[in-house]
1. Given the conditions (1) modelled with pLDDT under 95; (2) not in a loop (DSSP other than H, G, I, E, B), and given that residue 74 satisfies all but one, which numbered condition is not satisfied?
2. Name the single residue that is nearest to ligand 2 (Cβ to nearest atom) among those in the stretch 238-257 being within 19 Å of the chain's Cα centre (by Cα) and more than 16 Å from residue 158 (Cβ to Cβ).
3. Pairs under 8 Å by beta carbon, first residue surrounded by fewer than 21 Cβ atoms within 10 Å (Cβ to Cβ) in the stretch 64-83, partner among the β-branched types (Val, Ile, Thr) and modelled with pLDDT of 95 or more, six or more apart or different chains?
4. For the stretch 134-149: of the residues being surrounded by 19 or more Cβ atoms within 10 Å (Cβ to Cβ) and in contact with a Lys or Arg (Cβ under 8 Å, 6 or more places away or on another chain), which is farthest from residue 65 (Cα to Cα)?
5. Give the stretch 252-285 a look and list any residue that's in a loop (DSSP other than H, G, I, E, B), loosely packed, with under 14 Cβ neighbours inside 10 Å and free of Cβ contacts under 8 Å to residues at least 40 places away in the same chain, or say none.
6. When you scan the stretch 333-341, do you find a residue that is more than 29 Å from the chain's Cα centre (by Cα) and in a helix (DSSP H, G or I), even just one?
7. Here is a list: 196, 241. Which entry is surrounded by fewer than 18 Cβ atoms within 10 Å (Cβ to Cβ), within 13 Å of ligand 1 (Cβ to nearest atom) and of a type outside the set (Lys, Arg)?
8. Against the conditions (1) within 16 Å of ligand 1 (Cβ to nearest atom); (2) surrounded by 21 or more Cβ atoms within 10 Å (Cβ to Cβ); (3) closer than 18 Å to residue 31 by Cα, where does residue 156 fall short? Just the number, please.
Amino acid sequence: MNVDQLKEQVIAYSKTIGIDKIGFTTADPFTELKNRLIRQQELGFQSGFEEPVIEKRVTPSLLLQEPRSIISIALAYPSKMKVRVEGRKGERRGFFSRASWGLDYHHILRDRLKKLEEFILAKVPEARLKSMVDTGELSDRAVAQRAGIGWSGKNCGVITPEFGSYVYLGEMITSIPFSPDTPMEDQCGSCTACLDACPTGALVQGGQINAQSCIAFLTQTKGVIPEEFRDKIGNRVYGCDSCQTSCPVNKGKDFHFHEEMEADPEIAKPLLRPMLKMSNREFKNKFGHVSGSWRGKKPIQRNAIISLAHFKDETSIPDLIDILENETSPVLKETAAWALGKIGGDTALAALEKVKAVEADINVKSEIEKSLLKLRN
Ligand code: SF4
Ligand code: SF4
């Protein structure tokens, strides 16, 4: 069998195992990306979650001996929930971004890539293969763009004509010289809808993103969220979709090909107040299988506090006071102090005054003082 026949077989097989789009590219270094990453580093725009060695992210031969091609795969995910939550008056809910609906996509993509590897190895036992999903080594997006899966949008996502940017991406470096597909031309044109919709101005013209001011990144950090971004987070407890939902290409795109990607609305749009009191076990049982739980319980709780402040939810005041008085995490205490200042009222004021007298943490104390100042004026 020649390589072109094998490629046809791989494409045909991919369709039988729930891969929605597949593309092939060379294993050449990603030189354009390298320059962009260096620039990103110089500007301080990195998230800190990525592979720190730029060479590794742009040089496939550092990841697999004598690579000859890279296969890129895309799986489309839903943009709308099949089941809606019945909202009750006074109940406040948070929101997990679409990429965190259903089972963690890393598991789903790894499953598909493993099946693809097994298929290729059955045909070419001596093949060397290395699969990756979001590992921070190779850039999923750069690979997908060069393999003709989609174009690299100004929203920094890969946009496919078929599924919009609602796709999960994974790739496999191979020692087989598959013929490359044609990269897709940029089709954003003069559109700037995603830049205009970004609540924090994190998207910079030319397809750069400043992770330090991107809500999707901020909701995944572990520290205190800088005050300037808190109001902009709204009720997002994990991630942010504004630069996707605003994209005209995504309009009407909503695919339900994979059962494991369907959202449970009680998880994807969870009630906020119960989140403040969850034990580690409860958190793991409820949210452990979604990708948005990867940083653990506390960042999600911190974001839930910010969301309750966004709603000015007075019913959450006793829970916030409880956090301020009894929580051990200074991050949660500081955020609760800020939230009490936002929501306001006599009970919040009295609690802030009481805790101020005994609080030892300098940052928590300073946040309490700021809230008191706001409430007294
Ligand atoms: S995810 Fe949200 S904050 Fe980040 S760039 Fe997109 S719209 Fe802006
Ligand atoms: S909103 Fe417009 S500019 Fe942004 S990614 Fe979509 S098409 Fe491109």
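The values are calculated or read from the model by the stated rules, or taken from the named source; none is laboratory data. Computed from a prediction, not measured in an experiment: that's the story for all the values here. All Cβ positions, even for glycine, are placed from backbone atoms using ideal geometry, and neighbour counts span all protein chains on display.
1. (1)
2. Across the stretch 238-257, the extreme among qualifying residues is 246.
3. Between residues of the stretch 64-83 that are surrounded by fewer than 21 Cβ atoms within 10 Å (Cβ to Cβ) and residues that are among the β-branched types (Val, Ile, Thr) and modelled with pLDDT of 95 or more, the close pairs are 64/173; 64/174; 68/26; 68/174; 68/176.
4. Only one residue fits best here, namely 149.
5. Across the stretch 252-285, the qualifying residues are 252, 279.
6. yes
7. After applying the criteria, what remains is 196.
8. (2)
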